[in-house]
Amino acid sequence: MGDIEKWEYDQKKITVSQAASFVKSGYKIFYGEFVLFPEAIDEELAKRVNELHDVDVRSVCYMRVPKIVEADPQREHFILNDFHFGTISRRLYDQHLCNYIPMTYHQGPRVAKKYLDFDIVFLTVGPMDPRGYFNYGLANSVTSAVVTKAKKIVVEVNEHVPYCLGGNQESIHISRIDHVVEGKNLPLPQIPALEPTEIDKQIAKHLLAEIEDGACLQLGIGGLPNIVGQMIAEGDFKDLGVHTEMLVDSYVDLYQAGRVTGSRKNIDKYKMSYTFAMGTDKLYDFLHHNPTCASYPVNYINDPRIIALNDKVIAVNNAIEVDLFSQVSSESVGIVHKSGTGGQLDFIFGAFGSHGGKGFICLSSTYHNKNGNIVSRIVPTLPQGAIVTVPRSIVHYVVTEYGAVQLKGKSTWERAEALISIAHPDFRDELIEKAAEMNIWTRTNKLA
C-alpha cells in the first residue's frame, strides 16, 4: 500500500472494544450481509448488553446467531431485523427474537437511500489493497447503498474474505470510512449445497428440456439448483451465460466443465455477474481476484429491466404452494413465516421480458406435514394468511416432478387445468371438484 494509505490506515485503526463503545441506546446499526458477519465487534458489543436499550440491528440474511442475541434472550436491549429470512432468522423469529422487513430485493438500495438512516454501519471486508480500497467481498448487494446513509462506517478486516472484482461499487476507499478494526480472521462459514432428492432429479429433467445453448442462468441454492447445475455440466450445452442474484458452488462446476462462456450475453459479456455469493471454499477460492466474475449492487443485478436485456434468461426458483388461481406462495405456510421475497419476483418478471426467457417456479407435488400426512402443494386456494410472492398476473412456468406448464395467456380455467395436470395423481380428482365449486370453470369447460 502507498505511504498515504498506510498512514491513514494507522490513524483510523482502533480496538474492537473502542468500536463497540460507539454504540448508544436508540442507535440504528447495520451488521453486514450474509456470511460477512462482524464477528469480533458482535462479541464485544454483547458484553455491553446491560448498558444499552432499543438498539436496532439490521442485516440481510443472518447466517449465524449473533452474540448480542445470546446475551439478550428476552429481547430487552437489542432489536434484530432481517431483510431476508434464512434458517437462522426464521428460528429467531419463532422465538420472537427477530423481525422480517418485507422487500423486493432489487428495490433494497433505493429503499435504504429514501427511507433509512444508520448511526453506525459495521462491515466485514477483506484486507486493504495497495490503492487503499477495502473490498466488500461476497456481498455487494445493498451494502454500497447503506454506507451512503451511515453517520459512521467501521470496517472489520477478515483476511479470509476473497477479493471479488466488479462490476460496480464493489469496494470502499479508506478515505470514506471512519475506523478500521482488525478482526478475529475466522474462516468463512461453509454453506454446502443440499443433496438433491429423487423428486429434485425428476424436476431437473423437465427444466433441462427447456434450456437451450446460449441461455443465461439464474439458479438459487439447494438440492434442486445443485442437481440442475450438475446435469447441465454433464450435458453438451454450449456458451451458457450467468446473470444471477446468488453465486453458488454449482456455477464453479459449470464453468470448469466448459459450459459457461458468457459469449452470447448482451450485457456483461463473458462475465458471470452476481450480487452476492454463498457456498464453500471452492466458490470463495474461485472468486478471489477472478476477472471472470463481476460483483454488482442488487439494484443492477435484480432489476427486471436489466435482467431482460440478456436473451434466453432461465430463472429457477422454489415455492411452497401454488393455488388453482396460479398464485405462488414462497414465504409462508399460512401465517407461519418461512422465508423472504428475495429476488424471486425480480427474476420471474425479468425472465419473461427476456427474448426467449423463461421463469420457472419449482416445487414437489406433495410434502409430509407435521402429522406425517401427505399433502398437496398445489391447492385450491392458499391458506388464510399465506403470503403471495408471485401474483398470478406475473407467474410464467410452474414445474413439479410431473411436468412443466406455461401459464401466460391462459384463462383461469386453463391455468387450473394445467396445474392439476402436474399435481400428484392422488389429489387431481379433489382439485377438479374444488375448481368446480369455486366456479373457475363452467360446464362448457373440461378439466383433465
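The values are calculated or read from the model by the stated rules, or taken from the named source; none is laboratory data. These figures come from a predicted structure and were not determined experimentally. Here Cβ is always computed from backbone atoms with ideal geometry, including for glycine, and neighbour counts include all displayed protein chains.
Residue-by-condition table, conditions (1) in contact with a Pro (Cβ under 6 Å, 6 or more places away or on another chain); (2) among the hydrophobic types (A, V, I, L, M, F, W, C):
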site: Gln202; (1), (2): no, no
site: Gln218; (1), (2): no, no
site: Gly223; (1), (2): yes, no
site: Val248; (1), (2): no, yes
site: Arg264; (1), (2): no, no
Arg91 vs. criteria among the basic types (Lys, Arg), in contact with a helix residue (DSSP H, G or I) (Cβ under 7 Å, 6 or more places away or on another chain) and without any contact (Cβ under 8 Å) to a residue 40 or more places away in the chain: no
Name the residue, out of Ala150, Ala193, that is buried (at least 18 other Cβ atoms within 10 Å of the Cβ) and modelled with pLDDT under 95. Ala193
Is one or more of the residues making up segment 199-209 among the aliphatic types (A, V, I, L, M), assigned to a strand (DSSP E or B), modelled with pLDDT of 95 or more and buried (at least 23 other Cβ atoms within 10 Å of the Cβ)? no
Flag for Ser17 being polar (S, T, N, Q), more than 15 Å from Val146 (Cβ to Cβ) and part of a loop (DSSP other than H, G, I, E, B): no
So, Leu186, is that one touching an Asp or Glu at 6+ places or on another chain (Cβ under 6 Å), among the hydrophobic types (A, V, I, L, M, F, W, C), assigned to a loop (DSSP other than H, G, I, E, B) and surrounded by fewer than 24 Cβ atoms within 10 Å (Cβ to Cβ) or not? yes
Restricting attention to segment 406-430, which residues are out of contact with any Phe, Trp or Tyr (no Cβ under 7 Å at 6 or more places or on another chain) and in a strand (DSSP E or B)? none
Breaking point among (1) out of contact with any helix residue (DSSP H, G or I) (no Cβ under 8 Å at 6 or more places or on another chain); (2) at pLDDT below 95; (3) surrounded by fewer than 15 Cβ atoms within 10 Å (Cβ to Cβ), for Asn266: (2)
Could you please give the count of residues in segment 44-66 that are surrounded by fewer than 18 Cβ atoms within 10 Å (Cβ to Cβ) and either modelled with pLDDT of 95 or more or part of a strand (DSSP E or B) (or both)? 8
Working only within segment 28-43, note down all residues that are under 25 Å from the mean Cα position of the chain (by Cα) and either in a strand (DSSP E or B) or surrounded by fewer than 22 Cβ atoms within 10 Å (Cβ to Cβ) (or both). Lys28, Ile29, Phe30, Tyr31, Gly32, Glu33, Leu36, Glu39
Within segment 320-373, which strands (runs of 3 or more DSSP E) (wholly inside it) include 3 or more residues that are touching a residue at least 40 places away in the same chain (Cβ under 8 Å) and within 26 Å of Leu208 (Cα to Cα)? 321-323, 358-362
Just one of Pro391, Pro425 is over 20 Å from Ser330 (Cα atoms) and either of a type outside the set (A, V, I, L, M) or crowded, with 20+ Cβ neighbours inside 10 Å (or both); which is it? Pro425
Which members of segment 218-248 meet the condition of being buried (at least 20 other Cβ atoms within 10 Å of the Cβ), in contact with a Ser or Thr (Cβ under 7 Å, 6 or more places away or on another chain) and assigned to a helix (DSSP H, G or I)? Pro225, Asn226, Gly229
Residue check, Glu433 against (1) surrounded by fewer than 19 Cβ atoms within 10 Å (Cβ to Cβ); (2) assigned to a strand (DSSP E or B), all met but one. Which one? (2)
For segment 67-80, which residues satisfy the criterion of being assigned to a loop (DSSP other than H, G, I, E, B), touching a helix residue (DSSP H, G or I) at 6+ places or on another chain (Cβ under 7 Å) and of a type outside the set (Asp, Glu)? Ala71, His77
